[in-house]
Every structure is written in C-alpha cells, then in structure tokens.
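Heads up, the thing below is written out as structure tokens.
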Amino acid sequence: MSTTRHPGLNLGPHHGEADDTAEVEVFGFWVFMMSDAIIFGLLMATYVVMSGNLNGGPGPRELFELRPVFIETMLLLFSSLTFGFAQIGMKYHPHPARMIIWLLVSVALALIFVGMEVNDFITMAGKGGIPQASGFLSSFYALVPLHGIHVTAACIWALAILGQIAVYGLDDEVKTGMLRLGILWHFLDIVWIGIFSIVYIGGLA
Amino acid sequence: MSDLWSLVFGRLTLDALPVLEIIHATNGRELASGIVGTTAAGLAVLGALYLVYALTKYHLWGPLWRDWLTSVDHKKIGIMYVVLALVMLARALAEAFVMRTQQALGDGGGGLVSNEHFAQLFSTHGTIMIFFMAMPFLTGLINYVMPLQIGSRDVAFPTMNSVSLGFTAAGAVLLMISLVLQPFSTGGWTGYPPFTEAAFNPGPGPDYWIWAVTLSGIGTTLSGINFVVTIYKFRCDGMKLMDMPLFCWTSLCTSILMIFALPPLTVATGLLALDRYLGFHMFTNDGGGNMMNFANLFWLFGHPEVYILILPAFGVYSEVFSTFSSKTLYGYTALVIATMCIAVLSFTVWVHHFFTMGQSANLNAIFGIATMLIGIPTGVKIYDWMLTMYRGRVRMAVPMVYAVAFLILFTIGGLSGILLANPSLDYVMHNTLFLVAHFHNMLIPGLLFGMLAGYTLWFPKAFGFILDPKWGYRAAYLWIAGFVFAFFPLYGLGILGMPRRMAEYFNGAWFPLTLVALLGAVMIIAAFACLCIQLYVSIKNREALAVPMGDPWDSRTLEWAVPAPAPEWNFPATPEVEGRDAFATLKEGGYDLRAPDDGYHDIEMPRNSALGPVLMVGSTAMAFGLVWYMWWLAALGAMVCFAATVACGFRRNTHRIVKAEDVKAEWEAFCALADTTPRIPRSLEQTTQNMGHASPASEEITS
Ligand code: HEM
C-alpha cells in the first residue's frame with residue numbers, strides 16, 4: 001500500500017507530521033536493532049561454544065527450571081500483545097487514556113518478568129551457579145542478564161514516554177517514540193525466544 | 001595507603017606518574033625511558049594548559065561551546081573529527097618515531113626505552129592510529145562531504161551525530177590521560193587475552209584499552225547508522241543510488257560494515273571487562289574459559305574494520321582521479337559492484353589473522369582462498385582508476401600525487417597480502433616484521449594517503465581557501481619517500497626472521513635495515529612537519545588563496561556547487577539532479593548558479609544540543625573511574641549519561657528557522673560575485689589566481 005512508510009505499525013496520513021517523520025526515525029531504529037541483534041547473536045554463539053565448559057561445576061540440569069522460565073516467556077509475550085494494544089490505542093484514539101493504560105500493563109508485565117528472572121538467578125546462585133564458577137556459567141550470565149537489562153531499559157523508556165505525555169500530551173515526538181519503543185519491545189521478545197530455545201530448552205533437552 | 005585515599009582515588013597513586021621511572025632508574029636505558037615518558041606526559045599537560053590559557057585569554061570559551069561543541073551541523077562535526085584525527089596522528093607518529101629509534105638502537109640490548117615502555121608504545125600507537133586517527137579522519141570526511149554530495153541539508157540524526165563525536169572524543173581523551181597517569185596496556189592494539197586478563201595484567205593498562213576502544217566503538221556504530229539512513233532517505237530529487245558519487249557509495253558500504261562489524265568488538269571488550277572486573281571465565285586459562293572466542297570475536301570485527309578504513313579512501317581516490325583527469329569515472333558500475341563485493345567478502349576472511357592458532361588445515365585453506373578472492377574486486381578498482389586517467393587531461397595536483405603513489409604502492413602491499421593469505425607461507429611469516437610491513441603498506445598508501453588527499457581536496461570547501469601547494473608537494477613527496485624507506489626494509493627484516501613487537505635483539509644482521517627504517521621515519525616526521533607548515537602558511541595567506549566561488553578544481557559533484565565555505569544550510573533549495581556527475585552536468589548546461597526554480601523558502605535547521613558534549617564528559621568520567629577503581633566517579637559519570645539521555649527525550653522545539661530573505665540575500669550575493677570573478681583555466685588552479693570559478697573543461701580541451 002502506498003501509505004506504508006516502514007515495516008510494522010504505521011501511524012497513517014491523518015497523523016500528519018508524526019507520520020512523515022516516522023519514516024526516517026523508524027528506519028533508523030530498525031538499523032540500530034540490527035546491530036543489537038548481532039550482539040545477541042554473537043553472545044548466543046559464544047554460549048553454545050562454551051556450554052560444555054562446566055569446569056566441574058553445576059550444569060544446566062542442576063540449575064535450570066523450566067516452569068518459572070515458561071511463565072516468564074508468557075509474561076513477555078503477553079506484554080508484547082498489550083504493547084500492541086497501546087500502539088493501536090495511540091493510532092486510533094486522539095485521547096491518550098487507552099494507550100496509557102495498556103502501556104502501564106505492558107510495563108507491569110515486563111517488570112514481573114525481570115523480577116522473576118532475578119529470582120531465577122538467585123536460585124541458581126544458591127546452587128552454586130555463579131558466573132565465576134565456569135566458562136559455561138560465565139557465558140550464561142553474559143547473555144541472559146543482558147536481555148533482562150534491555151527489558152529494564154525498555155521499561156524506563158516507557159516511563160519516560162509517560163512522563164513526556166504528562167508534560168506535552170500525545171504529541172508527535174511521543175508518537176514516533178512509541179513506534180520505536182514498540183520495535184525494541186517486540187525485538188526483545190524475539191531475542192527471548194532465542195534464549196528460551198537455545199539456553200533453556202537446549203540445556204535441558 | 002589510607003582508606004580515605006582509596007575511597008576517593010581508588011587504586012590511583014603517585015606511582016602512576018611517569019617521573020617515577022626516572023627516579024627508580026637503575027641504568028642508562030631506564031633513565032632515558034623515563035625521560036621520554038615524562039617528556040611526552042609533560043607535552044600533553046602543557047598542550048592542555050596552553051589550550052585552556054588561550055581559550056580564556058581570547059574569550060573563546062563561549063564561541064567554542066556555542067559554535068562548535070554543541071553544534072549539530074554535519075560540517076562542523078566533520079571538521080572537529082578531522083581536527084581530532086590530526087592531533088592524534090601527531091602523537092602516534094611521535095610514538096612510531098620512538099619505536100623506530102629503539103629498534104635501530106636495540107641491537108645488543110641498547111636503546112632509549114625499556115621493554116615495558118616499548119610495549120606500551122606499540123599498543124598506544126596501534127590503538128590510536130586505528131581508532132583515534134583513521135576512524136575519526138574518515139568519519140570526519142564522510143560527515144562533511146557525503147550530505148553535500150547527495151544534496152541534503154544534514155545527516156538524518158544530527159544530535160546523534162554529535163553524540164558519536166562525543167564518544168569518540170571521550171576515548172581519545174582517555175588515551176591522552178593514560179600518557180600522564182600510566183601505564184597503558186602492553187597487549188597491543190588487539191589486546192589478546194589471556195595476556196590481558198587480570199591474572200597476568202592486574203593493573204589499569206588493559207582497562208584503559210578496553211574502555212577507550214569500547215567508547216569509540218559505540219560512537220562508530222552510531223555514526224554508521226546515521227550515514228546509512230542519510231544515504232537511503234536523504235538523497236535529493238533525481239539522485240538514484242546508481243547516480244551517487246562513488247565516495248557516497250564507499251561511505252555507504254563502510255557504514256554498513258560499521259553497523260555489523262563494531263558489535264563484535266563491543267562484545268569482545270565487554271566480555272573481557274567482565275573477566276577482569278567480575279572474575280568471569282570467558283577468556284581465562286582456567287575455569288573453563290576459551291581464549292579462541294576472543295580471537296574470533298575480535299577479528300570478526302577486525303577484518304571488516306580494515307575495509308571500513310580503506311573503502312572511504314577508495315572513494316576519495318575515485319573523486320580525485322576523475323576530477324584531476326577531467327573525466328567521468330571509468331567503470332562506475334564495476335566500481336560500485338567491486339565495493340559491495342569487498343564489503344561482503346570482508347566478513348568471510350577473519351580466520352586469516354590467526355592461521356597459526358590451531359584450526360585444521362582445511363579450514364585454513366578455505367579462509368586462505370577467500371582472502372585471495374578479495375584481490376579480484378580490488379584489482380578491478382585499480383584498473384578502473386588507471387583507465388580513468390587514460391586519455392584524460394591529467395593534472396598532477398597534490399591530491400593526484402597521493403593518488404598515483406597509492407596506485408603503485410597499494411598494489412605492492414596487496415601482493416604481499418596475497419603471499420600472507422597462503423597459510424603455509426603465513427606459518428613462516430606470521431608475527432614477523434613482514435606482516436608489519438604488509439599492513440602499513442595497506443594503511444599508509446591506502447588509508448592515510450587517501451585521507452590526506454581528501455583533506456587537500458575538500459579543505460577549500462570547508463574553509464574557503466586552498467592549501468598552499470608548495471608545502472603540499474613537499475609533504476606528499478616526503479610521505480611517499482618516507483614510507484618507502486620506513487617500511488620496505490621491514491619486508492626484508494621479516495624474511496630475516498625479525499619478530500614484531502620486539503624492543504631489543506641480539507642479531508647484528510638486522511641492524512642495518514632497522515637503520516634504514518629509522519631514516520624513513522625521520523622523513524615521515526619531516527612530512528608531517530611540512531603538513532603543519534602548510535596549514536600555517538595557508539592560514540596566513542588565506543586572502544590570496546581564497547576560492548569564494550567554491551569550485552577550485554573544476555569538480556563534478558554537488559558539493560562544489562555551493563560557495564566555499566559552504567553555507568550552514570548547504571543549498572538554497574534542495575537541488576534536483578539528473579544522472580551522474582550532477583554538478584558537471586549543471587555546468588555544461590550553464591545552470592550552475594541559478595536561483596532556485598520555485599523561489600526561496602524558509603529553511604528549518606536543527607538547534608544546537610548539549611547532549612554530545614555532556615555524554616562525552618560523563619562517559620570519560622565513567623571510564624576513568626572504572627580504570628582506577630574510583631567507583632563514585634564511575635557511578636557519577638554513568639548517572640550523568642543516563643540523566644542527559646532521558647532529559648534529551650523531553651526536548652521539544654528542536655528546530656529553528658532560517659528566513660527565506662536571508663537565504664536569498666546570501667545566495668544572490670554569491671551569484672553576483674560570480675559575475676565579477678574571472679573563470680580560470682586548469683593550468684592556474686594551484687595559483688593564487690584561482691578564485692574557485694573554473695572555466696568549463698570542454699572549452700579548454702578544444703581550445
Ligand atoms: C607513518 C608512519 C608510521 C610508522 C613509522 C609506524 C611504525 C610502527 C612501528 C614501529 C610499529 C611496531 C612494529 C612492531 O611490532 O615491531 C607499528 C605498529 C603498528 N602500527 Fe604503525 N607506523 C606508522 C603509521 C601507522 C598508521 C598510519 C597506522 C594505521 C592507520 C598504523 C597502525 C599500526 C598498528 C595497528 C600497529 C600494530 C600495533 C601492535 O603491534 O599491536 N601505523 N607501527
């Protein structure tokens with residue numbers, strides 16, 4: 001369609017200038033995501049190479065538990081869904097209320113995810129699964145928490161956007177900011193799917 | 001050491017001062033070493049103090065802040081990058097000179113710097129030359145030239161551009177600090193663990209290296225994103241991708257490489273930092289670490305990196321050959337395809353940097369062949385450039401001298417690379433000065449000459465006057481001769497088996513050639529001095545050398561269609577072009593100085609932003625704190641960066657308007673000047689008669 005300016009959710013012509021500027025901003029952010037994807041890809045590859053280096057320490061079977069990780073996965077996926085609702089709310093409703101609510105829900109889900117993840121790490125550490133224990137655990141802790149940090153950063157960004165709405169209302173910058181944050185949000189899902197399959201399922205298989 | 005001291009200063013003590021090497025010296029060489037180090041540190045401190053003094057005395061802090069540091073104009077950012085590159089070049093050259101002197105005196109264990117000091121020298125020299133000389137130089141040129149060439153007003157994300165500069169500068173500042181608060185890493189520019197792990201190198205050296213390189217890497221990634229988006233989205237009407245000047249093509253490929261190749265570096269240094277700070281076992285000898293991961297990650301960055309370095313230089317040479325042969329570029333399409341091939345192939349050869357590190361012969365063979373393949377697109381380019389000169393009206397202006405020297409010397413360097421690409425030969429040659437000769441042979445005639453040619457070519461566009469050609473020739477010839485003397489002997493030394501990174505040796509057979517190489521280094525220092533004199537003389541004679549009409553070399557691309565120096569809004573109206581060599585076409589039709597078709601309009605320009613300089617200070621503080629374990633400073637720096645970034649999101653009203661009247665007045669004054677400025681033929685282009693108004697090449701050829 002000729003009104004599509006970039007992959008993903010488009011604001012559409014009735015958003016005027018926000019729609020115009022989105023083309024460049026969103027494209028730029030896609031490119032940025034590509035370089036971030038390389039970082040995660042390399043860390044996953046490194047993890048795979050290192051996953052046998054147990055150094056006599058605990059391995060995946062002793063350390064990983066699938067149940068909390070599965071719940072985390074669901075939380076993250078649902079937060080992507082609710083984030084989508086927030087974006088649709090922004091696109092079709094001039095008043096930001098709907099968008100704010102869905103955004104808050106997304107942030108809440110993501111923060112529960114981070115909390116559970118930290119809890120996993122603490123449990124692991126209790127069983128001797130600390131990064132200093134082996135090459136395997138070092139590469140685990142280089143990869144998985146980096147994703148958690150990304151999620152936290154995305155939440156902070158979401159809160160900053162809410163702050164901007166409080167000050168300026170739903171203006172053009174907020175809208176393009178939401179489009180970019182959306183890409184990050186979904187991207188982090190994809191990365192998590194990778195982590196879930198390679199690290200957790202792969203480790204327990 | 002008291003608790004309070006270490007709370008504030010971490011592990012920083014007076015031992016970090018280089019004077020201590022003098023005090024603790026036990027023999028003549030250590031004494032000399034201390035004096036060299038102290039002098040260098042003293043010069044750095046004096047330079048900084050003088051800068052502060054001069055800025056205060058002439059009340060320049062305000063203008064510096066308003067017109068430069070917070071500016072987001074791509075042209076000013078470009079200029080700042082190049083200034084940074086030249087300053088760092090001076091330091092790295094001085095270090096190269098000291099190293100050459102040391103190796104010439106090192107036979108039998110003599111010399112003027114200690115082994116430890118020598119190791120720091122090749123580490124800083126390599127790190128600076130790659131990350132803080134070459135990268136800023138090419139980023140600066142791309143920044144200045146590329147938006148003008150595609151008829152854009154700025155890059156896609158002007159504030160992010162200033163942030164990139166800020167991160168790069170922060171890394172450079174860290175390296176300058178390491179001169180005063182020592183030591184720097186002794187791990188070379190590659191920083192291989194396990195040598196750089198805490199087990200062997202607990203001191204601050206590798207940490208300096210890690211953070212300097214990481215900061216510059218982040219800055220470079222952001223630059224790459226910026227350039228790519230600019231080229232894809234900001235071309236003026238009618239400029240198709242296949243109509244772009246070749247410099248834009250090479251900028252595009254370089255930027256793509258920046259986006260994909262810098263992340264591996266960030267991962268490598270980041271993981272090394274985890275090892276060093278938190279006791280991880282990524283690359284350690286014990287605990288299940290695997291050093292080969294570092295080698296792979298580093299060279300997954302490192303090899304594309306050398307193409308990041310060379311491609312923009314290829315772009316400059318393309319512009320130079322075509323301009324100074326008064327011909328359109330021969331084989332444009334082939335050059336574009338070759339550039340793309342090189343960019344892709346650059347990701348397929350990284351293993352050739354460690355043929356000897358234990359993988360199977362078959363794997364080595366594959367990577368050896370892949371490496372040799374790169375010779376093909378590069379060879380295509382060499383022929384295209386030669387054919388551009390063929391039957392052209394070749395003028396040996398200063399940039400052309402560099403370009404012709406490049407053609408010959410680069411080919412030689414390329415051939416030595418083909419030799420090294422053969423794993424069985426590499427087993428014999430690796431880690432010798434043969435390799436050092438090879439990569440300097442690519443980097444100096446390739447990258448550095450290209451940058452210097454570009455600097456000479458575009459200087460008048462940036463400042464409104466050409467660089468004095470007499471000193472330009474002297475510099476160019478000295479560079480060329482100096483390079484030959486300094487590095488061709490190294491091929492011989494390599495074949496004689498002299499290892500790289502060696503401060504002292506006991507083999508008289510190596511001595512004569514190291515002496516020749518020292519002579520070359522002297523010539524190179526003289527060449528750099530000529531560049532400095534050239535700049536000084538040209539600034540002094542700037543009135544006579546002025547080229548206000550903006551087209552001193554009868555060039556063919558859009559950046560020459562505007563006055564020199566270029567106005568901040570670049571073009572009175574975004575241009576509309578057709579075909580390649582847009583400006584040449586305009587000139588042939590006599591349309592080069594037209595008023596915009598549909599009148600003048602208000603122009604929206606981005607406002608200044610303090611984000612770049614604030615992030616620079618914040619990240620420098622953070623890195624410095626991390627190096628010396630001053631945790632409060634690291635936290636403070638991180639907080640500043642974080643707060644500034646969030647606050648930046650709250651900025652609104654980021655544009656200001658340049659009024660149509662003002663644009664009109666400035667542009668009409670320029671057009672009026674054209675009426676009174678004589679057009680000059682090419683034979684006078686390097687004289688003071690050149691006012692930047694070229695007579696059309698077609699007329700000259702027939703007359
Ligand atoms: C122009 C004159 C230059 C001279 C005289 C010079 C000299 C040297 C010397 C003596 C070494 C140490 C060799 C050894 O290991 O024994 C060296 C290393 C190196 N140089 Fe240069 N160099 C010059 C320019 C450059 C340039 C322009 C670049 C890059 C853009 C560069 C990049 C490097 C690198 C990467 C190393 C390796 C450092 C390491 O061993 O880790 N050099 N150079």
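The values are calculated or read from the model by the stated rules, or taken from the named source; none is laboratory data. Computed from a prediction, not measured in an experiment: that's the story for all the values here. Glycine gets a Cβ as well: all are built from the backbone with ideal geometry, and neighbour counts include every protein chain shown.
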Apart from one, (1) closer than 25 Å to B:L272 by Cβ; (2) within 14 Å of chain B (Cβ to nearest Cβ) all hold for A:G148; the odd one out is (2)
Show me the helices (runs of 4 or more DSSP H) found entirely inside the range B:400-513 where at least 1 residues are within 11 Å of the ligand (Cβ to nearest atom), in contact with a Leu (Cβ under 8 Å, 6 or more places away or on another chain) and at pLDDT 95 or above. B:433-442, B:449-463, B:469-495
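What residue, of B:L84, B:L64, B:L51, is under 26 Å from B:G205 (Cβ atoms) and assigned to a helix (DSSP H, G or I)?
B:L84
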Number of the exception - A:G41 against (1) within 19 Å of the chain's Cα centre (by Cα); (2) within 23 Å of A:L137 (Cβ to Cβ); (3) more than 9 Å from chain B (Cβ to nearest Cβ): (3)
Would you mention how many residues in the range B:96-111 are within 16 Å of B:L447 (Cβ to Cβ) and either touching a strand residue (DSSP E or B) at 6+ places or on another chain (Cβ under 8 Å) or away from the ligand (no atom under 11 Å from the Cβ) (or both)? 0
Can you tell me which residues in the range B:627-669 are of a type in the set (G, A, S) and away from chain A (no Cβ under 14 Å)? B:A634, B:A635, B:G637, B:A660, B:A665, B:A669
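Here is a yes/no grid of residues against (1) touching a residue at least 60 places away in the same chain (Cβ under 8 Å); (2) in contact with a helix residue (DSSP H, G or I) (Cβ under 8 Å, 6 or more places away or on another chain); (3) away from every other protein chain (no Cβ under 12 Å):
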| residue | (1), (2), (3) |
| --- | --- |
| B:I225 | yes, yes, no |
| B:V229 | yes, yes, no |
| B:D237 | yes, no, yes |
| B:C253 | yes, yes, yes |
| B:F260 | yes, yes, no |
| B:P263 | no, yes, no |
| B:A268 | no, yes, no |
| B:L272 | yes, yes, no |
| B:F280 | no, yes, no |
Which is touching a helix residue (DSSP H, G or I) at 6+ places or on another chain (Cβ under 6 Å) and either basic (K, R) or surrounded by fewer than 21 Cβ atoms within 10 Å (Cβ to Cβ) (or both), of B:D598, B:D602? B:D602
Across the range B:286-327, what is the number of residues that are on the phi < 0 side of the Ramachandran plot, outside any helix (DSSP H, G or I) and within 11 Å of chain A (Cβ to nearest Cβ)? 3
Which of (1) within 16 Å of the ligand (Cβ to nearest atom); (2) closer than 20 Å to B:V82 by Cβ; (3) of a type in the set (G, A, S) is the odd one out, the single condition B:A526 does not satisfy? (2)
Scan the range A:44-67 for residues that are in a helix (DSSP H, G or I), more than 8 Å from every other protein chain (Cβ to nearest Cβ) and over 16 Å from A:Y200 (Cβ atoms) and jot them down. A:A45
Filtering the range B:353-389 for residues that are over 20 Å from B:G414 (Cβ atoms) and crowded, with 17+ Cβ neighbours inside 10 Å leaves a count of 2
Single unsatisfied condition, B:V562 versus (1) among the β-branched types (V, I, T); (2) within 30 Å of B:G238 (Cα to Cα); (3) modelled with pLDDT of 95 or more: (3)
What number of residues within the range B:170-216 are surrounded by fewer than 20 Cβ atoms within 10 Å (Cβ to Cβ) and touching a Pro at 6+ places or on another chain (Cβ under 7 Å)? 2
Some residue of the range A:162-176 being closer than 24 Å to A:F70 by Cβ and either in contact (Cβ under 8 Å) with a residue 24 or more places away in the chain or in contact with a helix residue (DSSP H, G or I) (Cβ under 9 Å, 6 or more places away or on another chain) (or both): no
Take the residues in the range A:140-161 that are among the aromatic types (F, W, Y) and in contact (Cβ under 8 Å) with a residue 24 or more places away in the chain, then tell me which one is nearest to A:N55 (Cα to Cα). A:F140
Applying the selection to the range B:652-682, what residues are of a type in the set (S, T, Y) and touching a residue at least 24 places away in the same chain (Cβ under 8 Å)? B:T654, B:T677
Which of the numbered conditions does A:L146 fail, given that it passes all the others? Conditions: (1) closer than 23 Å to A:A37 by Cβ; (2) modelled with pLDDT under 95. (2)
